[in-house]
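**Q** Attaching a single structure in structure tokens format; questions to follow.
Just so you know, all these numbers are worked out from the coordinates, no wet-lab data involved. This structure is a prediction, so every number in the text was calculated from the model and none was measured. Note that each Cβ is placed from the backbone with ideal geometry, even for glycine, and that neighbours are counted across all protein chains shown.
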Amino acid sequence: MGGWRVRTGVMMIVAAMSATLAAQWPAYPTPGVPRLADGKPNLDAPAPRTPDGKVDFSGIWDRPFGPGGGARGRGGPPPPTTTPDGLPFSNFGEVAGRGYALPLQPWAAELKKKRMADNSKDNPDVWCLPIGLMQYHNHPQPRQIVQTKNLMLITYESNYGLRYIYLDGRPAPNNDPTPFWFGYSRGWYEGDTLVVETTNFRGDERAGWLDVNGSPYTDALKMTERFRRPNFGSLEIDITIDDPKAYTKPFTVRVNQRITVDSEMIEFICNENERSTEHLKK
């Protein structure tokens, strides 16, 4: 396998998906969607709420292409790289986007250089393993949020990932549990913002990738996400990475997502008939 092919090995799944997008399940109208007179979803309608009045984040969400979830129009200006208040827009390749100097510890900077020199061949995405929360946030394959009173589930089409966020007020584990690929997530509301704190991550060589280029994280990572749904069609997530083993200070990035209606996710089993990794250089 040529070097360029290995470098993009982490994107093989995405490329394979392009030929199957038309093979999604037959369209069926999503119940409860506010609609305009022409039947299209009213994306600017108020965000739905749970029976107890909390913002409901349920739905299928896509990650639009381009920084901040935007796309550069023909002849138009380039999309912004930061929010109006200066938060970098995260992307799949770089956790804080291009042009933002991550506050890496020296050993972490060297590890990232090595990973990039190795064409990102050890990214867990290449090996059909869970790809880490930041890569899942930025992946172009969709994810579905199912929210109940005490639990939020996020199912990722990519690598068939499943994440649990507990909303029942439990504390972080203190009994030295086995670390998790997805970490251990607890959430609570601050007004209309859902704050999610995740700890107890696996942070070994294979697991600790924040992005395709290999920005690392360790078992010391505490990730704090702030979910906001300003209207029916939009999801804004501000994520703070606090990992004193890998970074000299915490940093915060933004991920934007958009709702998808009248559609469903498809089953995606990465390891089924998988023959790519046998060609990767060891």
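**Q** So if I take the centroid of the Cα atoms in region 94-152 and the same for region 208-232, what is the distance between those two points in Å?
**A** If we compute the Cα centre of each part, the gap is 8 Å.
**Q** Given Cα pairs under 8 Å that are at least 6 residues apart, what percent is the relative contact order of region 81-175?
**A** Working: 85 pairs, mean separation 15.2, N = 95.
About 16 percent, as a whole number.
**Q** While we're here: Hey, fewest Cβ within 10 Å first, where do Ile269, Ile239 land in order?
**A** Numbers: Ile269 10, Ile239 23.
Fewest-to-most Cβ neighbours within 10 Å comes out as Ile269, Ile239.
**Q** Taking amide hydrogens as modeled 1.01 Å from N in the peptide plane, which residues meet the under 5 Å criterion relative to Tyr247, leaving out close sequence neighbours?
**A** Gln105
**Q** Counting pairs of alpha carbon atoms under 8 Å apart in space and at least six apart in sequence, what relative contact order in percent does region 114-231 give?
**A** Values: 212 pairs, mean separation 27.6, N = 118.
That works out to 23 percent.
**Q** Compute the Rg to Rh ratio over region 80-218 from the alpha carbon atoms, using the Kirkwood formula for Rh, and round to two decimal places. Spell out each step's value before the answer.
**A** Numbers: Rg = 15.9 Å, Rh = 16.3 Å.
Computed over Cα atoms, the ratio is 0.97.
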